[in-house]
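Report on the structure given below.
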Amino acid sequence: MNIFGDKKISFEKRINSLYKDIRDCDKRKLLLDIILITGLFIFGFYVNRGIEIKGLYMDDLYMWSCYGEQSFFEYVFPIGTSTRFRPAYWLLAYLEMGIIGTHIDLFVPINIIANTLVAVLIYFFAKRLSGLRFFGFAAGIMYLSSRFSYYQIGQALGLMETEATFMALLILFLLYLYIEGKKESSRRCYNRALLVYFLLAFVHERYISLLPMFFLAAAFMIFKHKKDMPLKERLRLLLKPVIVFIIIFIIRTLAIGTAIPAGTGGTEVTDTFSLSQALSFAVSQVFYIFGVNAGPEHLNGITWTDTPVWVKVSVKMSALILAVIVFEYLLSLFIRLRGDEGDRKKLFEYLKTAALFLLFIAMCIGCSSVTIRVEMRWIYVSYGAALILCGHMVGAVIETYASEKAALCKRPLRHELFIVKLLLCLFFGAYCVIMLNADSFYRSCFPKLYFWPNQLRMNSLTEETYEKYGDSIFGRDIYILENSYEMSDFYGDTFFKTFDPKRKAEGTEVHFVDSISDIPSSKIETGNILVIEEVPEENAYRDITDEVINGES
């Protein structure tokens, strides 16, 4: 007879009950994550409502023309035929255009989904650092609502910027895990970050500038394990990024003849670089991150000088809120500094994380400041990192308060800790509400951006032709009156091919004429024409085919 039988059964029941509670808790957390991520996707589509791509323009049309006229290998690996070598993006673009086919309007929803995936990464990263789901979700919302997303959503090539932003922030996340983890378990994070860095260099070459981050992370790990890390392993850590960089250098040189990234607008960085200008651009990017449009109207929609007073006040209030969070963070560092050895060790962990983030932001700002202008899309990645850094500061404040109070009172202080978390959430929530309104205004200025009017014109041309007549436009002569929009022959030869499954638009010819009288009467008599006139005051086109054929014009 087992006299301990009842106790054994009771113990097993307790273990099973505990396991069930943990499992149910994990399920609830997973369900909450799914709900919040779904909320991010819904918000992503809501905040970008009204943005459309119905016809391709400028770089988007050129990208499509390469897709339509080149083989897979020529398109993905343009060896010797391009100033940029981005096979990691061109592969994704090739797959995207193969899926989209003639449904050009699908570029925007795909862009929204891709950009929301970046917001999901920010959600998990910020949640991990702050220890607050609310903060992670709010950071994701702020990322999606930002005015910096204009290009990622409004152009087909925006997918390239989104892919690069995701991979850059992923490198930051992996290196954070590396410096926070144990030597053995975190080594894989370092290697994965190097792999992502290698691929990122072939999505957008400016992110080659992130190389110093690996040396910083390696230095932190070497210092952390200075007593038990062999010299051979230390050298391996420092040499790995150098080897990857050299491989990137060789591949780029063999593919396009140079490893130096090209500048903006057909310029060369080596010809246009100015240290004073680069420093000025770097400062302007910092202002952009804090809500100030520190550039010309055609690049940001509205200058700071022309910005309404209420928006300026909102930006200043949001900066004040962030200053309070930064002050609380610095105070927590000071408390750790005055503490025992464990506190000072924690202080070093905080400083490591902050240094990693600040270097990342500095490198992203630096590589975006060396060319002839600053475009807001280049600041998007820095802004995303700044949101996550704010999560680190909030998490440090909460952790320090909990540690300090627990040491003083020797008892759980759940209620007090809840109040601290609530106050920090209210502070950041206030920042979000204020900046959501400001960003909403900034977004209303998108039509003043340099490419926006032309994109509206291409959308209108699509509506007045392909959307109205369908496949019957193929084989017709299309006459566009006046051409004050200065569409080139390239547009005439390529634009309508994007709607043809065969990518040829055979028999379709576009003619730019000054007036209706320039249209041959024989063409008008056949009725197999389309006549489109410009409406400059609306950045649009108007179909007048029936009027011309019926002699009403």
Query raised in the report: Limited to region 540-553, what total is found for residues that are modelled with pLDDT under 90 and either touching a Leu at 6+ places or on another chain (Cβ under 6 Å) or loosely packed, with under 11 Cβ neighbours inside 10 Å (or both)?
Result: 3
Requested in this report: Return yes or no: is PHE107 more than 16 Å from MET160 (Cβ to Cβ), modelled with pLDDT of 95 or more and out of contact with any strand residue (DSSP E or B) (no Cβ under 7 Å at 6 or more places or on another chain)?
Outcome: no
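Confirm whether TYR143 is touching a Ser or Thr at 6+ places or on another chain (Cβ under 9 Å), touching a residue at least 40 places away in the same chain (Cβ under 8 Å) and more than 20 Å from LEU36 (Cα to Cα).
Values: touching a Ser or Thr at 6+ places or on another chain (Cβ under 9 Å): yes; touching a residue at least 40 places away in the same chain (Cβ under 8 Å): yes; more than 20 Å from LEU36 (Cα to Cα): no.
Spelling it out, it is not the case that TYR143 is touching a Ser or Thr at 6+ places or on another chain (Cβ under 9 Å), touching a residue at least 40 places away in the same chain (Cβ under 8 Å) and more than 20 Å from LEU36 (Cα to Cα).
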Query raised in the report: Out of all the residues in region 143-157, is one or more surrounded by 23 or more Cβ atoms within 10 Å (Cβ to Cβ), closer than 15 Å to LEU424 by Cβ and modelled with pLDDT of 95 or more?
Result: no
Report summary line: Out of (1) touching a residue at least 40 places away in the same chain (Cβ under 8 Å); (2) buried (at least 17 other Cβ atoms within 10 Å of the Cβ), the one GLU482 does not meet is (2)
Query raised in the report: Out of (1) more than 30 Å from PHE137 (Cβ to Cβ); (2) without any contact (Cβ under 8 Å) to a residue 40 or more places away in the chain; (3) surrounded by 15 or more Cβ atoms within 10 Å (Cβ to Cβ), the odd one out for LEU417 is which?
Result: (1)
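Criterion first (assigned to a helix (DSSP H, G or I), out of contact with any strand residue (DSSP E or B) (no Cβ under 6 Å at 6 or more places or on another chain) and without any contact (Cβ under 8 Å) to a residue 40 or more places away in the chain) does THR270 satisfy it? I'd like the intermediate steps shown before the answer.
Numbers: assigned to a helix (DSSP H, G or I): yes; out of contact with any strand residue (DSSP E or B) (no Cβ under 6 Å at 6 or more places or on another chain): yes; without any contact (Cβ under 8 Å) to a residue 40 or more places away in the chain: yes.
Yes; evaluated as a whole, the condition is true for this residue.
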Query raised in the report: What are the residues in region 36-90 that are among the β-branched types (Val, Ile, Thr) and modelled with pLDDT of 95 or more, if any?
Result: ILE37, THR38, ILE42, VAL47, ILE51, ILE53
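Being outside any helix (DSSP H, G or I) and closer than 30 Å to MET160 by Cα: is that true of ILE372 here?
Details: outside any helix (DSSP H, G or I): yes; closer than 30 Å to MET160 by Cα: yes.
Judged against the criteria, ILE372 is a match.
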Query raised in the report: What are the residue pairs meeting all of these: first residue in region 295-319, first residue open to solvent by 40 Å² or more (accessible area, probe 1.4 Å) and modelled with pLDDT of 95 or more, second residue of a type in the set (D, E, K, R) and not in a loop (DSSP other than H, G, I, E, B), Cβ atoms under 6 Å, and 6 or more apart or on different chains?
Result: GLU297/LYS448
Requested in this report: Scan region 487-502 and report the pairs whose first residue is closer than 13 Å to THR102 by Cα and whose second residue is loosely packed, with under 14 Cβ neighbours inside 10 Å and among the basic types (Lys, Arg), with Cβ atoms within less than 9 Å and a gap of 6+ or a chain change.
Outcome: LYS497/LYS504
Query raised in the report: So VAL535 clears everything in (1) open to solvent by less than 10 Å² (accessible area, probe 1.4 Å); (2) more than 25 Å from TYR67 (Cβ to Cβ) except one condition, right? Which one?
Result: (1)
**Report entry** Residue among ILE53, ILE37 that is open to solvent by less than 60 Å² (accessible area, probe 1.4 Å), in contact with an Asp or Glu (Cβ under 7 Å, 6 or more places away or on another chain) and of a type in the set (A, V, I, L, M)
**Finding:** ILE53
Report task. Give region 441-468 a look and list any residue that's among the hydroxyl-bearing types (Ser, Thr, Tyr) and either closer than 17 Å to TYR288 by Cβ or part of a loop (DSSP other than H, G, I, E, B) (or both), or say none. Result -> TYR442, TYR450, THR465
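Could we say that ARG503 is open to solvent by 70 Å² or more (accessible area, probe 1.4 Å), closer than 20 Å to TRP64 by Cβ and either aliphatic (A, V, I, L, M) or outside any helix (DSSP H, G or I) (or both) here?
So ARG503 fits the description; yes.
If you check PHE245 against the conditions, is it open to solvent by less than 60 Å² (accessible area, probe 1.4 Å), under 23 Å from LEU358 (Cβ atoms) and assigned to a helix (DSSP H, G or I)? It would help to see each step written out before you state the result.
On the way: open to solvent by less than 60 Å² (accessible area, probe 1.4 Å): no; under 23 Å from LEU358 (Cβ atoms): yes; assigned to a helix (DSSP H, G or I): yes.
In short, no.
Here is a yes/no grid of residues against (1) open to solvent by less than 40 Å² (accessible area, probe 1.4 Å); (2) in contact with a Leu (Cβ under 7 Å, 6 or more places away or on another chain); (3) among the acidic types (Asp, Glu); (4) closer than 19 Å to GLN155 by Cβ:
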position: GLN70; (1), (2), (3), (4): no, no, no, no
position: PHE73; (1), (2), (3), (4): no, no, no, no
position: PHE85; (1), (2), (3), (4): yes, no, no, no
position: ALA93; (1), (2), (3), (4): yes, yes, no, yes
position: GLU96; (1), (2), (3), (4): yes, yes, yes, yes
position: ASP105; (1), (2), (3), (4): no, no, yes, yes
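Provide a single number: the residues in region 79-102 that are without any contact (Cβ under 8 Å) to a residue 40 or more places away in the chain, over 28 Å from TRP452 (Cβ atoms) and over 22 Å from the mean Cα position of the chain (by Cα). It would help to see each step written out before you state the result.
Here is the first cut: in region 79-102, the ones without any contact (Cβ under 8 Å) to a residue 40 or more places away in the chain are 81, 90-91, 94-95, 97-100.
Narrowing the set further to residues that are over 28 Å from TRP452 (Cβ atoms) leaves 81, 91.
Then keep just the ones that are over 22 Å from the mean Cα position of the chain (by Cα); that gives 81.
Residues flagged as without any contact (Cβ under 8 Å) to a residue 40 or more places away in the chain, over 28 Å from TRP452 (Cβ atoms) and over 22 Å from the mean Cα position of the chain (by Cα) within region 79-102 amount to 1.
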Requested in this report: Consider LYS226 carefully, then state whether it is more than 24 Å from the chain's Cα centre (by Cα), among the basic types (Lys, Arg) and not in a helix (DSSP H, G or I).
Outcome: yes
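The values are calculated or read from the model by the stated rules, or taken from the named source; none is laboratory data. Everything numeric in this text was worked out from a predicted model, so none of it was measured. Heads up, the Cβs are rebuilt from the backbone with ideal geometry, glycines too, and the neighbour counts pull from every protein chain shown. Surface accessibility is based on the protein's heavy atoms, side chains included, excluding ligands, DNA and RNA. Shrake-Rupley method; radii C 1.70, N 1.55, O 1.52, S 1.80 Å.
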